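The values are calculated or read from the model by the stated rules, or taken from the named source; none is laboratory data. Owing to the predicted nature of the structure, the values given are computational and were not obtained by experimental measurement. Positions of Cβ are generated from backbone atoms using ideal geometry, with glycine treated the same way; all protein chains shown enter the neighbour counts.
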Amino acid sequence: MIRHALVWLCLFCLCLPRGPAAAATGVPFDLQKFIDAEVQAGRKRIVVPPGRYRVTPRHRQHLVLRGLSNVQVIADAVEMICTETTRALTVTRCTNVTVRGLTIDYDPLPFTQGRITGFSKGKKVHEIELLDGYPGAEAARSFKYEMFRPDTRTLRSDDRYPSKVEVVGPRRIRVHNPGGRASDPEQVGDPIVIGAEYAPHGSAAHAVECSHNVNVRLDGSQRIAQSRDMASRRWLLTGEPAARSDGEGREV
């Protein structure tokens, strides 16, 4: 019987820059090509050189491990910076495979952040000012919209799924919520998180997907700025909630 991966992951905001500018932003590196070459050479213990690497996706995925058997990928002190908001890692149809130590980040981020500055009558439209340092208005999408209490940093209400995000200015958007009511709890000044996208070559759901595997482990310190479903209940201001997975071993 197929046993799906045990995935130890947590979400995080961007790591603090360290070292020279090149090290802080990452250097271009074809991680897929490196691992594929090691597999072709017959190596069962693949050690990725430590570093912060900017990785370009292929077929909407930044790294794919497919059909491997009895392989260890040692990625201690390796950070894979995904350069498009599509899937970071796919592990599929593998047996006895371990990926250790890999840290995953996104630049640009798959979300943007701001504050509510006003409402239309009935709160069907929210006026939002986006914060500096986060993706601008053109990147904002209606994937998910969450509002937080500024004092407790907890969710103000259930998740919303807007019908439209309207660009008003470089850092100003209008979020359209047809189901909004005047009695809804959100207030001017509430911090918000909303989905953002940069995927010129298309996007695949789930930041990490493990499927149809036997005895596969993603082991060590796995940190994800998660694509699509951001699960940002504490991530907005504090970071570090545990990632959620569905019954098939996929992150959701």
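The table below lists the values:
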{"quantity": "Pair list, Cβ under 6 Å, 6 or more apart: segment 67-85 residue within 8 Å of Val97 (Cα to Cα), other residue modelled with pLDDT of 95 or more and of a type in the set (Lys, Arg)", "calculated": "Asn70/Lys44; Val71/Lys44; Gln72/Arg45"}
{"quantity": "Residue satisfying condition, being at pLDDT 95 or above and closer than 18 Å to Cys210 by Cβ, within set Val48, Val78, Val71, Val55", "calculated": "Val71"}
{"quantity": "Unmet criterion (only one of (1) crowded, with 19+ Cβ neighbours inside 10 Å; (2) part of a strand (DSSP E or B)) for Glu84", "calculated": "(2)"}
{"quantity": "Only one of Ser211, Ser183 that is of a type in the set (Gly, Ala, Ser), free of Cβ contacts under 8 Å to residues at least 24 places away in the same chain and surrounded by fewer than 21 Cβ atoms within 10 Å (Cβ to Cβ)", "calculated": "Ser183"}
{"quantity": "Selection from segment 29-73 of residues that are more than 14 Å from Ala88 (Cβ to Cβ), of a type outside the set (A, V, I, L, M) and part of a strand (DSSP E or B)", "calculated": "Arg45, Gly51, Arg52, Arg66, Ser69, Asn70, Gln72"}
{"quantity": "Residue that is crowded, with 16+ Cβ neighbours inside 10 Å, in the same structural domain as Gly179 (by TED's automatic domain parsing), acidic (Asp, Glu) and farther than 14 Å from Val167 by Cα, where the choices are Glu129, Glu146", "calculated": "Glu146"}
{"quantity": "Sole residue being modelled with pLDDT under 95 and not assigned by TED's automatic domain parsing to the domain that holds Ala139, chosen from Phe12, Phe34", "calculated": "Phe12"}
{"quantity": "Test: residue in segment 129-152 that is in contact with an Asp or Glu (Cβ under 9 Å, 6 or more places away or on another chain), among the hydroxyl-bearing types (Ser, Thr, Tyr) and not in a loop (DSSP other than H, G, I, E, B)", "calculated": "yes"}
